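The values are calculated or read from the model by the stated rules, or taken from the named source; none is laboratory data. Remember, predicted model here, so these are calculated numbers, not experimental data. Positions of Cβ are backbone-derived with ideal geometry, glycine not excepted, and every protein chain shown enters the neighbour counts.
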Amino acid sequence: MIEVQNDEQKYAFLRKEESKQQNRYGQNIELTEEGNALREMSLNINGDTGLSDNPDRYKQHGFYLNADNCIGCHACEAACSEKNDNPAHIAFRSVGYVEGGTYPDYQRINISMACNHCDDPVCLTGCPTRAYTKFAEYGAVLQDPDICFGCGYCTWVCPYNAPQLDPVKGEVSKCNMCVDRLEVGLKPSCVSACLGNALDFGVIENLPENREQLQAEIPGFPTTEITHPNIRFQQTKGSHREMTRTDSMPIKYHRDDAEHKFKPVVDDKAGHTKHWNLKSLLTSHESAHVIFTLFTQATVGAFLILILGPLLAPNEFGLLQTASVFIPLVVSIFVISTVGLYKLNMHLGKPHRFYRGFNNLRLSPVSREIAGVSMFYTGLLGAMVFAMFDNDITHVIFNIFVFIGVVSGPVGLYYMYKLYRIPARPFWNHKQTGSAFFGSMLSFGALIIAVTCSFVMPLVEMSSQLLIQVLAIIVTAGLLIEGLGHILHARDMQQSENEGAASYYRQVTHYGKSYTLRNVLLGLNIVLAINIALNGIQDTMGLVLSFTLILSMLVMGIFGRSLFFVLVIPTTMPGAFFWKNEGFVNHARETGLAEMQQVGVVYERHHAFKLSELVQTIKENSIKDMIRHVKWVFGGKKSH
């Protein structure tokens, strides 16, 4: 444990006082019972096996922010980063602000925010590697960067931007509540460094000295309903009815007198001119997810059509069972699926630790998606291999792999849908996510079958034309499902009272022309698919229309899925002008400021990981690590 310095001030020490039994969410503040074995276990900080004698050690602790006192000096940020040896581009605690009014009645509210060590930490339940643990000691939610493989899902689900994904190291880290200081009776470093006595810390729901409020929300702070955060606020000075952000997010906050809270609404400070913004749309950080989701949905749909089509409609899909057609189809599906999985894996901060994605099947939809898609890929691979043999034994094995693929594919897509239903990202948390994914499965799955068949089958035959027409009907159904979902989504986002409305505003302005192109192509594709379903592709005009449909669907799919990822605005904390501000980050990268380390903006360097480097790293490190990790998984971790 750390040594307490002789000159530590009184305010730096934890208070010892009586506490309530439950917090405002109905959760017990005492996290263990007397005699619990956890009380005899050490946190093993720096190898020290000692136990703290703090009487409140097993009670839920939390931060207190007196917004009236915060002067925005950022001393808490500096103290936190110094203690944790963070680089300039990583800050476990950051200070943003909202402002309202005009001179001479201008008001600014500073919000100092780190991890809130929530009662219901969605980072813990979402993390596929089990890198998070909520400890009985102080109720701290701790994260182990060494276990993390850098998928960043915790940064999606957290409403408060607490987990920090380092684009250089390719791993996540976050506030650890300074448990080493708590063990010796000291408050966290950020609290001790606060100049204005704005930050405090202690057992949750206990009113600190010289405070008179224990509010759960203030203007700019996301809703507490998602995670039940352990932070309390004081703000005795009245706020203006409208408080705005100084960062680039198109959000401001209006006071709802009926509910006595501020709600996010659209701030149309960027105007209403429509733009393309193709560079930021098509080269975003999430481009790998665009490819993976589209390719996986398409290949699952194609495989289901290939296997189940002949069973449900043998007259129309019977041609797919011939070896000359089936083998090229399953090979095509396998190649496309392989590209999608490769892009996803290389998107990880630590791609050589990919196997850790299976660690949290009990809680994480990401782990379940990974398991489902991996099983589908296994079934697809087995079906491809054993389809090339023709005897009774291989036929049985082939059917086993086919069954695995048919069952696990939809399971993987279901959890792909579930993992995007994130309350902290209202633009995604809508049924349209499911309709878009299901529609893509049908339309692009049928498209893969149709394109491959056009190369391996004589199109002049009536049976081939009938198959193409049926596939065109499936394409039409998928496009109609996707289109209906888009219409309902746009309606609901416009009417919403959350960040979803701001995402919609950005959709029709910042990416307005790209959004219009996607919609026009969607309508065009429906018309083309219906035409092919009715008339086939027997003549030159039919071939031209089919080629146009293929090209148009590819462009529509790329634009539509890219919009899905770049438009989402999370329920994150407001930033400052230069810090936690997407607009400034983009400006720094465009002008070269990002090359200056002190600016705190960096490029994503870990994505330069080459396949050869991945293979070599696996050979050198990962085999032994896999063995150690399996022991770790089955050995379990100390948790609350």
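Scanning segment 33-47 for residues being surrounded by 10 or more Cβ atoms within 10 Å (Cβ to Cβ), within 35 Å of the chain's Cα centre (by Cα) and part of a loop (DSSP other than H, G, I, E, B) gives a total of 4.
Quick one: would you say H228 is modelled with pLDDT of 95 or more, on the phi > 0 side of the Ramachandran plot, within 32 Å of the chain's Cα centre (by Cα) and not small (G, A, S)?
Against the criterion (modelled with pLDDT of 95 or more, on the phi > 0 side of the Ramachandran plot, within 32 Å of the chain's Cα centre (by Cα) and not small (G, A, S)), H228 qualifies.
Scanning segment 1-27 for residues that are small (G, A, S), assigned to a loop (DSSP other than H, G, I, E, B) and surrounded by 10 or more Cβ atoms within 10 Å (Cβ to Cβ) gives a single hit, S19. Does V568 satisfy being in contact (Cβ under 8 Å) with a residue 12 or more places away in the chain and of a type in the set (A, V, I, L, M, F, W, C)? Yes. Counting the residues of segment 266-293 that are within 29 Å of G445 (Cα to Cα) and outside any loop (DSSP other than H, G, I, E, B) gives 12. Pairs meeting the criteria (first residue in segment 408-434 and more than 20 Å from Y505 (Cα to Cα), second residue part of a loop (DSSP other than H, G, I, E, B), beta carbons under 6 Å, at least 6 apart or on different chains) are Y420/W428; R421/N429. Does segment 253-269 contain at least one residue that is closer than 28 Å to E77 by Cβ, among the hydroxyl-bearing types (S, T, Y) and in contact (Cβ under 8 Å) with a residue 12 or more places away in the chain? Yes, the conditions are met somewhere in segment 253-269.
Scanning segment 398-446 for residues that are aliphatic (A, V, I, L, M), in contact with a Leu (Cβ under 8 Å, 6 or more places away or on another chain) and either crowded, with 22+ Cβ neighbours inside 10 Å or under 20 Å from C158 (Cβ atoms) (or both) returns M441, A446.
What helices (runs of 4 or more DSSP H) lie completely within segment 129-198 and have 3 or more residues being within 30 Å of E33 (Cβ to Cβ)?
Where helices (runs of 4 or more DSSP H) fall fully within segment 129-198 and carry at least 3 residues being within 30 Å of E33 (Cβ to Cβ), they are 179-182.
Taking each residue of segment 457-474 that is farther than 24 Å from I526 by Cα and looking for partners that are part of a helix (DSSP H, G or I) with beta-carbon atoms closer than 8 Å, six or more apart or interchain, yields M457/L319; M457/V325; M457/S464; M457/L467; P458/S464.
Looking only at residues of segment 465-485 that are buried (at least 20 other Cβ atoms within 10 Å of the Cβ) and of a type outside the set (V, I, T), we find that the one that is farthest from the chain's Cα centre (by Cα) is L467. All conditions in (1) under 30 Å from N519 (Cα atoms); (2) over 28 Å from the mean Cα position of the chain (by Cα) hold for R255, with the sole exception of (1).
Just for segment 1-56: of the residues that are among the aromatic types (F, W, Y) and out of contact with any strand residue (DSSP E or B) (no Cβ under 8 Å at 6 or more places or on another chain), which one is farthest from L199 (Cα to Cα)?
Y25
Scanning segment 576-586 for residues that are touching a strand residue (DSSP E or B) at 6+ places or on another chain (Cβ under 9 Å) and at pLDDT 90 or above yields a total of 1. Within segment 72-92, the set of residues being polar (S, T, N, Q) and either part of a helix (DSSP H, G or I) or outside the structural domain of P163 (by TED's automatic domain parsing) (or both) comprises S81, N84.
Might you check whether a residue that is modelled with pLDDT under 95, among the aliphatic types (A, V, I, L, M), over 30 Å from D120 (Cβ atoms) and not in a helix (DSSP H, G or I) occurs anywhere in segment 388-406? The answer is yes; a qualifying residue exists. Taking the conditions exactly as written (charged (D, E, K, R) and surrounded by 14 or more Cβ atoms within 10 Å (Cβ to Cβ)), does E82 satisfy them or not? Judged against the criteria, E82 is not a match.
Of all residue pairs spaced 6 or more apart or on separate chains, those with beta-carbon atoms under 6 Å, a first member in segment 215-235 that is over 14 Å from D200 (Cβ atoms) and a second member that is of a type in the set (S, T, N, Q) and assigned to a loop (DSSP other than H, G, I, E, B) are A216/T224; I218/Q235; P219/S239; P222/T571; P229/N116.
The set of residues in segment 124-174 being free of Cβ contacts under 8 Å to residues at least 60 places away in the same chain, farther than 16 Å from A114 by Cβ and among the aromatic types (F, W, Y) is empty.
Residues in segment 231-252 that are of a type in the set (A, V, I, L, M, F, W, C), within 25 Å of the chain's Cα centre (by Cα) and either part of a loop (DSSP other than H, G, I, E, B) or outside the structural domain of M113 (by TED's automatic domain parsing) (or both): M249, I251.
The residues of segment 93-118 that are surrounded by fewer than 22 Cβ atoms within 10 Å (Cβ to Cβ) and either in a loop (DSSP other than H, G, I, E, B) or under 20 Å from the mean Cα position of the chain (by Cα) (or both), listed by number, are G101, T102, Y103, P104, D105, Y106. Can you name the residue in segment 339-396 that is among the β-branched types (V, I, T) and within 28 Å of G152 (Cβ to Cβ) and, of all such residues, is nearest to the chain's Cα centre (by Cα)? If we take residues in segment 339-396 being among the β-branched types (V, I, T) and within 28 Å of G152 (Cβ to Cβ), then V366 is nearest to the chain's Cα centre (by Cα).
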